[in-house]
Amino acid sequence: LTYTITVTNTGNVSLTGVVLTDDLAGAATLTSGDDGDGILEVGEAWVYTATYEATQDDIDLGTDLVNTASVVTNEITTPVTDNATTTINRNAAMTVEKVVDSTEVSAPTTLTYTITVTNTGNVSLPGVVLTDDLAGAATLTSGDDGDGILEVGEAWVYTATYNATQDDIDLGTDLVNTASVITNEITTPVTDNATTTINRNAAMTVEKVVDSTEINAPTLLTYTITVTNTGNVSLTGVVLTDDLAGAATLTSGDDGDGILEVGEAWVYTATYNATQNDIDLGTDLVNTASVVTNEITAPVTDNATTTINRNAAMTVEKVVDSTEISAPTTLTYTITVTNTGNVSLTGVVLTDD
């Protein structure tokens, strides 16, 4: 700040021994007005200049700079004063910017956040406190010059991490992480957030196999059904139905929590007694397994087929009690009809010529 002080002799007496003091600048320099005799003559006006370096401390304090000039002479011993006032326009302001290294996730992972706090005002900001709602705390990694004060134009960089869990993936809600900053001068939190979207995919496969793919007689068929979680979401409320066996028994794969976890495979077994009626009918035994969960309500299915090799066959054997005769006699025939195939034979008709 540059001050101009004009001292004018408004009386009718010459003034000697003029001394000017300036309370902020301390001293002032006479720049014009004196005719060289060092006497402030009647009607004469002496012009002084003084300067004061307004500092960041002055801005931080915010008090008006009232600078008083005081003049005495040999003839006027009671100081004559005047002041000049500079008002400080104080603005405490900052910005908070938060970014995350992964804006989308589909599996458990560690998210790393970078938070940049910048002093955008004209006031130094001491007592900076940053809170992070997911990470809880953040670590200051750069920007502070060591005095713990967020100075004008200074930017502090923090990092924070959050472990996104399988529970977060299962829930599927966006991870919105907010950073909140206050200082001694700014008590209303300044915030910013970073969002990570969860790409949620509930998926599973069902694979069914049978121990006999072909039969030609009544037998016990054993089915193995494998249900695998191929998505990224835990599957609860797993229900398997088997159209021939009716029910299936879980034999392995579950770790005891009743949840089909990501990558987990549950193995079921089921049985079906193929009967003679099935053989007689001859239709392939197509057995379908159907699985639903709380997350996947449209059934996922697979089937296993057993082909029936159907063979309708019989033999006829006829013998007579007399293979030779020489007189009229009654001949008695025995006819044996045997089912030599694997199919029941209905509508048996025997004719004898």
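At a glance:
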quantity	calculated
Zone of Gln276's modelled label, taken as backbone nitrogen in region 337-353 under 18 Å from a point 7 Å along Cα→Cβ	337-349
Note, ³J(HN,Hα) from phi for region 231-242, Karplus 6.51, -1.76, 1.60, rounded to Hz, x at Gly and Pro	x, 10, 10, 5, 10, 10, x, 6, 10, 10, 10, 10
Computed over region 191-245, Kirkwood Rh from alpha-carbon pairs, angstrom	15.2
Radius 10 Å from Cβ of Ala138, net charge of other residues (Lys, Arg +1; Asp, Glu -1)	0
If the convex hull is drawn through the Cα atoms of the chain, its volume per residue in Å³	194
Over 16 Å [Cα-Cα, region 1-90], rounded percent	56
Region 296-352, Cα convex hull volume normalised per residue, Å³	100
Size descriptor, Kirkwood hydrodynamic radius, that averages inverse alpha-carbon separations across region 62-162, Å	17.5
Amide H contacts under 5 Å for Val233, placed H, 5+ residues apart	Asn201, Ala203
Amide H within-cut-off set for Leu244, under 5 Å, with H built and near neighbours excluded	Thr288
Burial order of peptide ranges 92-98, 136-142, 324-330 (average beta-carbon count within 10 Å, highest first)	92-98, 136-142, 324-330
Beta bridge orientation in the chain: antiparallel %, DSSP, nearest 5	95
Over the chain: helical MRE at 222 nm, DSSP H runs n ≥ 4 each giving -39500 (n - 2.57), nearest 500	-1000 deg cm²/dmol
Region 252-353: equivalent-ellipsoid semi-axes (sqrt of 5 x gyration tensor eigenvalues, Cα, Å)	60, 13, 8
³J(HN,Hα), Karplus 6.51/-1.76/1.60, whole Hz, each residue of region 153-162, x for Gly, Pro	x, 7, 10, 9, 10, 10, 10, 8, 10, 9
Rounded accessible area per residue of region 291-339, 1.4 Å, Å²	71
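The values are calculated or read from the model by the stated rules, or taken from the named source; none is laboratory data. Just so we're clear, the structure is a prediction, and the values are computed from it rather than from any experiment. With ideal geometry, Cβ positions are generated from the backbone for all residues, glycine too; neighbour counts draw on all protein chains shown. These area figures cover heavy atoms from the full protein model, side chains too; ligands, DNA and RNA do not enter into them. Shrake-Rupley method; radii C 1.70, N 1.55, O 1.52, S 1.80 Å.
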